[in-house]
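In what follows, a single structure is set out as structure tokens and then discussed.
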Amino acid sequence: MNRLSCVMVVIALCIGFSNAKMKNSVHFKNSLLPKNILKIHCLSDEDDLGIHFLNPGQTYNIRFNDSIFKTKIDCQLWQGINYNFFAKFRAYKSGGLIVHHGKMNFWDAREDGIYFTHGKQIPKLEYKWKDISLRKKIKVRPPSLF
């Protein structure tokens, strides 16, 4: 009976310690010019995280635990008049069987592009905005001759 009690205590402690570990996080910040709203839409392996709108200076944070099957978060960002500037990228990727705890990814939307850091170094430009305004224009057909 004592052995069973010891095993149960060890299992309970392991579960408690695993739940106490820090969650991973992805942070987005709108560092764009005044009145320039940032639109964010992210998808994880398991969920559609919804669409979020950030005013300049605001942040949006996602907190989660890694899965033993690769955890991925893919995001699309838009900004500018009519959201004509676009970026699409993988905001987070785990190592698969290596489960991370407390890993932080910081994304900062600026006028020239999207900057990235893990928080320990100076943010570096990772993605430039793509101008999608030309794709949105309606093509006009030439008048018919008949």
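Some notes on this structure:
- In the stretch 89-129, the residues that are touching a residue at least 24 places away in the same chain (Cβ under 8 Å), of a type outside the set (A, V, I, L, M, F, W, C), over 19 Å from Lys72 (Cβ atoms) and not in a strand (DSSP E or B): Glu111, Lys128
- Scanning the stretch 24-44 for residues that are basic (Lys, Arg) and either within 10 Å of Ile62 (Cβ to Cβ) or touching a strand residue (DSSP E or B) at 6+ places or on another chain (Cβ under 6 Å) (or both) gives Lys29, Lys39.
- Hey, Ile81 of a type outside the set (D, E, K, R), farther than 11 Å from Ser44 by Cβ and free of Cβ contacts under 8 Å to residues at least 12 places away in the same chain or not: yes
- Residue in the stretch 119-131 that is aliphatic (A, V, I, L, M) and within 18 Å of His52 (Cα to Cα) present: no
- Verdict on Phe53 being of a type in the set (A, V, I, L, M, F, W, C) and surrounded by fewer than 15 Cβ atoms within 10 Å (Cβ to Cβ): yes
- Residues of the stretch 37-61 that are within 17 Å of Ile114 (Cα to Cα) and either of a type in the set (A, V, I, L, M, F, W, C) or without any contact (Cβ under 8 Å) to a residue 12 or more places away in the chain (or both): Ile37, Leu38, Ile40, Cys42, Phe53, Leu54.
- The stretch 87-129 - residue that is loosely packed, with under 12 Cβ neighbours inside 10 Å and touching a strand residue (DSSP E or B) at 6+ places or on another chain (Cβ under 8 Å) and, of those, modelled with the lowest pLDDT: Gly102
The values are calculated or read from the model by the stated rules, or taken from the named source; none is laboratory data. Only a predicted model underlies this, so the values are computations on that prediction, with no experimental measurement involved. Positions of Cβ are generated from backbone atoms using ideal geometry, with glycine treated the same way; all protein chains shown enter the neighbour counts.
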